[in-house]
1. Using the Karplus equation 6.51 cos²θ - 1.76 cosθ + 1.60 (θ = phi - 60°), what ³J(HN,Hα) coupling, rounded to whole Hz, does each residue of the range 38-50 give in order, writing x for Gly and Pro?
2. How would you order 110-121, 56-67 from highest to lowest mean count of nearby Cβ atoms within 10 Å?
3. Can you return the aspartates and glutamates within cross-link range of residue 43? Criterion is Cα-Cα under 20 Å, with same-chain partners fewer than 8 residues away left out.
4. Sorted by average packing, counted as other Cβ atoms within 10 angstrom per residue and highest first, what order do 72-82, 2-12 take?
5. Once you list every other residue whose beta carbon is under 11 Å from the beta carbon of residue 40, what net charge do they have if Lys and Arg are +1 and Asp and Glu are -1?
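Readers should treat all values here as calculations from the given coordinates under stated rules, not as data from a laboratory. Bear in mind the structure is a predicted one, so any value in this text is a computation, not a measurement. Every residue, glycine as well, gets a Cβ built from its backbone with ideal geometry; the counts of neighbours run over all protein chains shown.
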Amino acid sequence: QVQLVESGGGLVQPGGSLRLSCAASGSIFSINAMGWYRQAPGKQRELVAAITSGGSTNYADSVKGRFTVSRDNAKNTVYLQMNSLKPEDTGVYYCNSRITTIIPIRTSDYWGQGTQVTVSS
């Protein structure tokens, strides 16, 4: 069994910063891509940023230049540094990881429980 545990959300004023973390644990053989999605009220879940095991990154156009995704492979952890936050960044942020487990030997997508980010004055 695999668990993804997120932390770091909260309330911040426009222009502020937050750092999200997501740690994977369990019967893990390897972790491929890791990433962050968000879902605003009344909207579909969308990709915010992703990073491969080799360190290649991909960002939504709306966050380029403001958000940075990184990972610590030794800790099975992915981070999202969010700067210059805007009210439209408000939503529930979900961690996603494609993980190959040891028992059973299988590759699946796993999701965290979500963490609320609210950008408001």
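1. 9, 9, 8, x, x, 10, 6, 5, 10, 6, 9, 7, 9
2. Details: 110-121: 15.8, 56-67: 13.9.
Order by mean packing, descending: 110-121, 56-67.
3. Correct list for residue 43: 61, 88, 89.
4. Working: 72-82: 17.7, 2-12: 15.7.
For the peptides 72-82, 2-12, the packing ranking is 72-82, 2-12.
5. Values: positive: 38, 43, 45; negative: 46, 88, 89.
Charge balance near residue 40 sits at 0.
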